[in-house]
Amino acid sequence: MPKQPPRPEPLDPPMVPFALAGMAAWAVAGLVLLLFRDRLAASGHENWLWTCLAGFLWGFPGLAVMMRHDANRRRRRAAR
């Protein structure tokens, strides 16, 4: 039986920057849509602003989870 190469370690990047980038993306999208608020209201798509706000606000619990993940990641790496 041929010898298999060792399995690579899974990627474990810091996750807080991803959460912050997602929150920033929702905030920028909301600010851009705010410029077109009148057009959105006229076409019945004003709820897009609320979607951006919800995406930004849901980023806070996600950020808390990612901060906990990164703390556990640092602990795991220090234990090696």
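Summary of values
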item	result
Evaluation of H45 against (1) assigned to a helix (DSSP H, G or I); (2) at pLDDT 95 or above (one fails), failing number	(1)
Among (1) of a type outside the set (D, E, K, R); (2) open to solvent by 60 Å² or more (accessible area, probe 1.4 Å); (3) part of a helix (DSSP H, G or I), the one test that A64 misses	(2)
Residues located in the stretch 1-15, provided they are surrounded by fewer than 14 Cβ atoms within 10 Å (Cβ to Cβ) and in contact with a helix residue (DSSP H, G or I) (Cβ under 8 Å, 6 or more places away or on another chain)	D12, P14
Residue check for R7: in contact (Cβ under 8 Å) with a residue 40 or more places away in the chain, basic (K, R) and either out of contact with any Phe, Trp or Tyr (no Cβ under 8 Å at 6 or more places or on another chain) or in a helix (DSSP H, G or I) (or both)	no
Residue that is least open to solvent (accessible area, probe 1.4 Å) [pool: residues in the stretch 18-61 that are under 14 Å from the mean Cα position of the chain (by Cα) and aromatic (F, W, Y)]	F56
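The values are calculated or read from the model by the stated rules, or taken from the named source; none is laboratory data. Since the model is a prediction, treat every value here as computed from it, not as a measurement. Cβ coordinates were reconstructed from backbone atoms using ideal geometry, including for glycine residues, and neighbour counts include every protein chain displayed. Please note that ligands, DNA and RNA were not included when accessible areas were found on the heavy atoms of the full protein model with its side chains. Shrake-Rupley method; radii C 1.70, N 1.55, O 1.52, S 1.80 Å.
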